[in-house]
């Protein structure tokens, strides 16, 4: 079977997008297997996940689903939403504003296009700090010592552990993160973020992603989680400039939470599955 695809990335967090707007291309029981095969960077296309675009089931303009390299389906992905919106705009499926249906609800997006830049502002899920909403065992806000680290946690569409360190470069993230990602307190696991304060309203982060089971160059929900936790602890103001390994994101905190960043199309092609 020949399948057309588009490869996109948001700050280096890259995705394969399959357009199922008119018909199902990959049957649901095969979507996880497809992600395993084609996210592989040696034997496939290479990506952090596979996005599926289809018609919305409820009141949104379009529906987004994301399958990860471990076959799991993610509830939400901030960089994925931006890439999804870029594709939808390029193919006249939405205008400069749209509403994307995800597993965590409807996600409004606003696109700002110019000759040089393509920026997308995303209304993110409200950060949730209570353990039951992360989810994590126990009650109240999450603040635990795991190994040598003080670990905070927040849900910004998916669960995130947030750890403040003097230098993110000094952390052996692939060695340290799995123990936190699978820690017994998190019944569904968690993403793991290490955060370095860089200024009064700036942080630098590195993220180990659940489902990818490795460090990624950027994570939109992770950037939002780290900014929300930094602001909650009084480390930053309400506008936080986040430097990820793949580039910058802006997070705006208040009555609503917004993430702003770029998305780029890398290439299109046809694969045989």
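Consider residue 54 carefully, then state whether it is over 23 Å from residue 245 (Cα atoms), surrounded by fewer than 20 Cβ atoms within 10 Å (Cβ to Cβ) and within 15 Å of the chain's Cα centre (by Cα).
no
Has region 185-198 got at least one residue that is within 20 Å of residue 14 (Cα to Cα), in contact with a helix residue (DSSP H, G or I) (Cβ under 9 Å, 6 or more places away or on another chain) and either surrounded by fewer than 16 Cβ atoms within 10 Å (Cβ to Cβ) or without any contact (Cβ under 8 Å) to a residue 12 or more places away in the chain (or both)?
No.
For residue 12, are the conditions met, namely being under 16 Å from the mean Cα position of the chain (by Cα) and surrounded by fewer than 19 Cβ atoms within 10 Å (Cβ to Cβ)? Break it down stepwise before answering.
On the way: under 16 Å from the mean Cα position of the chain (by Cα): yes; surrounded by fewer than 19 Cβ atoms within 10 Å (Cβ to Cβ): yes.
Yes.
Rule-based calculations on the coordinates, nothing more; no lab input. What you see is a predicted model; the values in this text were computed from it and never measured. FYI the Cβ positions are ideal-geometry reconstructions off the backbone, even for glycines, and counts take in every protein chain you see.
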